[in-house]
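Colleague: Just dropping this structure here.
Values in this text are rule-based calculations from the coordinates and carry no lab data. Please read all numbers here as calculations on a predicted model, not as lab measurements. Here the Cβ positions follow ideal geometry from the backbone for every residue, glycine too, while neighbour counts run over all protein chains shown.
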Amino acid sequence: MSFAGPLYLTLLVLVPALIALYFKKSRPIRKILPSNRLWAEVQQRLNQNSIFQKYRHSLFLVLQLLVILGIVLGLARPYFKSTLSGKVVIFLDTSASMRATDVAPDRFGQARDKARSILDRLDASGKAALITGDSSVVVRAGFGSDLVTVVALLDKLEPTDHPGPDPEEVVAALDGLRSAKPDRVYILTDQLKAAELAERIRGVSLTVHSFGSRGDNLAVSRFEVRPSSVKGPAKQAAWEAEVVVTNYAPGPVKTTVELRHDGREVASSSTGIGGRADSSVRFSDLKLAPGILEVRLVASSGDDFLAGDNRAWATVGQENLSVLLLGRTTSPLVRVLKSIRGVQLKAVTERESASMATLPEAELVVSDGVLHPGLLRRNAVVLCPGDADGVSAPAWLAGPSVESPLPVRFETTHPLLKYLSLKDVTFSKAATLKRQPGDVEVLGAQDCPLVLARADRESKQVVCAFSTADTDFAMRVGFPIFVVNSLRWIGGDRMASSGCLKLGESYRVPGPLGPEIGLVSPEGRSVTLESSPTPGMLLASSFRTAGVYTVRVGSRQVAVPAVLQSFSESALAPAQDRDLNREMPTTVAVGGGALSTARWLLMLALMVMVVEWALYARYGG
């Protein structure tokens with residue numbers, strides 16, 4: 001038996017206190033009696049005041065003891081830790097905020113201990129499924145796994161530095177186990193809201209345990225590095241850095257912002273930040289050679305319960321992405337490409353390209369209405385002329401053009417359509433693209449694809465069935481976003497302003513791909529890469545913690561800083577609707593009915609008290 005409120009058991013001291021009152025005897029009064037016959041009544045009363053005689057006949061004492069025991073046990077809320085049977089699903093949050101140390105040892109440690117206690121209560125016939133969730137939700141073990149395997153998997157789990165799970169993905173993972181008819185679902189988290197989960201998870205008993213007590217935290221919310229107007233010595237350009245620090249605590253804090261270049265401290269600054277406020281720290285005239293610049297926060301006052309967001313990185317001296325543009329010099333692409341930071345542009349007109357057997361060297365080619373043979377097997381964004389057909393360009397097109405195609409198919413999860421909506425874009429004509437194995441249709445009309453994403457080990461291409469002259473899309477505000485998305489999809493994270501990877505996102509290896517790709521963690525350990533359907537794509541699960549990773553492609557090495565910059569994770573304050581325990585009528589019996597037991601004990605104490613009062617009123621004390 002266990003107690004939900006064990007401190008109330010201290011009230012049991014009332015039991016010996018009550019018995020002590022009954023032990024106490026009144027002092028006899030000296031009387032002169034006229035006859036010895038009166039001694040019989042006095043002797044009988046003295047015998048009743050003896051310990052054993054008194055308690056053998058004292059019904060009131062028994063009733064009063066029952067009242068005290070009923071009230072004390074009712075307040076302490078006893079319950080039995082009964083075993084669990086049936087099928088149990090455990091969801092364990094492994095996101096970055098679960099590393100918070102506002103509770104001991106940390107939130108994840110408490111959640112894992114809770115999961116172990118649930119598994120320990122399963123009887124021999126019980127089955128368990130284990131699901132984990134951060135930026136992706138994964139079913140680690142289904143009901144076909146034995147309990148020993150589930151416990152072993154649980155012991156191996158560690159939290160990541162990824163953003164928290166999407167409630168929709170959590171519900172989808174649980175729906176995937178619905179065919180096995182689970183009896184109970186346990187959600188162990190610190191950020192997911194219990195009320196929201198209760199609305200979406202129906203038809204099963206649901207228990208949500210929320211971990212964490214405080215939200216005090218200090219985080220690097222933005223880190224930008226850009227060239228300075230002041231020139232440094234040879235091979236050391238001057239740079240400017242801006243660091244935005246966010247204080248999530250209600251009170252003010254003080255911190256030191258340190259800048260380190262390739263492990264060596266180059267600058268630092270102390271700042272004070274008000275409660276739940278931001279502070280911007282700027283560093284100028286930094287003489288830095290090409291490499292990686294790191295920012296660190298060192299708190300000198302206040303609490304900082306999450307260490308993962310105290311560091312960030314940016315690449316310094318990263319070479320620009322060389323882009324070759326084929327097409328009209330008045331094309332909207334010229335203006336867009338010139339406005340993108342990190343792009344070194346060279347333009348070649350259609351007439352000039354016609355006389356070229358091979359195209360000039362460039363990491364990426366953008367073609368607006370020009371289908372040059374040299375585009376094959378090159379990293380390229382190809383905007384095919386809408387009036388071309390398969391006869392003029394058989395390598396790219398499969399048939400005659402289509403008049404006024406209407407977009408009806410949208411692959412909204414593809415990186416090319418990030419932050420975009422093309423539902424109201426119009427096209428005057430579109431070419432009929434020739435599909436190749438592995439092509440992904442990002443945008444499609446009823447009769448033909450409009451945008452294809454193509455990738456193999458030699459190149460990556462975005463192939464469009466239209467040029468800028470065939471659509472009003474080139475005049476829309478979304479067109480520059482589409483161009484940037486295309487360059488990032490092909491050129492990898494070299495197009496990012498900081499050159500960093502946000503944890504929870506996949507990474508595309510820039511440049512040519514070799515026969516084998518390797519990844520080394522910030523601790524120097526080799527990372528086992530999961531298979532990816534897209535060549536050169538390293539899945540988000542490969543980057544678990546913040547730090548600088550090394551991607552190896554043959555003899556070439558690429559440094560990839562991975563950072564945690566997530567408001568939802570840095571804001572550590574636990575969900576307001578903390579816990580939830582929704583029992584369904586069909587649920588197997590489980591321990592924890594402390595509240596109902598307490599009600600019965602208090603009702604029993606009240607009934608005994610009424611009986612005691614009735615007897616006292618009738619027979620007296």
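Colleague: Output the peptides 173-180, 202-209 sorted from most to least packed, where packing is the average of other Cβ atoms within 10 Å over each peptide's residues.
Modeller: Per-residue Cβ counts within 10 Å, averaged per peptide and sorted highest first, yield 202-209, 173-180.
Colleague: Ok, one more. Beyond 31 Å between alpha-carbons counts as too far, so tell me which of Lys434/Lys502; Lys156/Lys460; Lys338/Lys418; Lys193/Lys423; Lys254/Lys502 fall in that bin.
Modeller: Lys434/Lys502; Lys156/Lys460; Lys193/Lys423
Colleague: Give me Met537, Met356, Met609 ranked fewest to most by other Cβ atoms within 10 Å of their Cβ, as a rough exposure proxy.
Modeller: Met356, Met609, Met537
Colleague: Between Asp262 and Leu147, what is the label-point separation in nm under the 7 Å Cα-to-beta-carbon projection?
Modeller: Distance between label points: 5.7 nm.
Colleague: How do His372, His162 line up, fewest other C-beta atoms within 10 Å first? Write out the running numbers ahead of the final one.
Modeller: Numbers: His372 21, His162 28.
Ordered from fewest to most neighbouring Cβ atoms within 10 Å, His372, His162 come out as His372, His162.
Colleague: Would you work out the relative contact order for segment 336-411, in percent, from Cα pairs under 8 angstrom that are 6 or more residues apart?
Modeller: Computed value for segment 336-411: 18 percent relative contact order.
Colleague: Another question, if that's okay. Using only the alpha-carbon atoms, what does segment 294-430 span along each of its principal axes? Please give whole angstrom values in decreasing order.
Modeller: 72, 37, 27
Colleague: Let me ask something else. If we sort 182-189, 241-248 on the protection proxy, mean other Cβ atoms within 10 Å, highest first, what's the order?
Modeller: 182-189, 241-248
Colleague: If you don't mind, another one. Using the beta-carbon distance between Arg335 and Tyr419 and R0 = 25 Å, what value does 1/(1 + (r/R0)^6) give for FRET efficiency, to the nearest 0.05?
Modeller: For R0 = 25 Å, the calculated efficiency reads 0.80.
Colleague: Tell me, Cys464, Cys448 in order of fewest to most beta-carbon neighbours within 10 Å?
Modeller: Cys448, Cys464
Colleague: Please list 405-412, 419-426, 163-170 highest first by mean number of surrounding beta-carbon atoms within 10 Å per residue.
Modeller: Numbers: 405-412: 15.8, 419-426: 13.4, 163-170: 18.5.
Final packing ranking: 163-170, 405-412, 419-426.
Colleague: Another question, if that's okay. Calculate, for Phe3 and Ala172, the FRET efficiency according to 1/(1 + (r/R0)^6) with r their C-beta to C-beta distance and R0 22 Å; round to the nearest 0.05. Write out the running numbers ahead of the final one.
Modeller: Numbers: r = 39 Å, r/R0 = 1.78.
E(calc), rounded to 0.05, equals 0.05.
Colleague: Another question, if that's okay. Set the Förster radius R0 to 35 Å, insert the Cβ-Cβ distance between Val139 and Phe567 as r into 1/(1 + (r/R0)^6), and round the FRET efficiency to 0.05.
Modeller: For R0 = 35 Å, the calculated efficiency reads 0.80.
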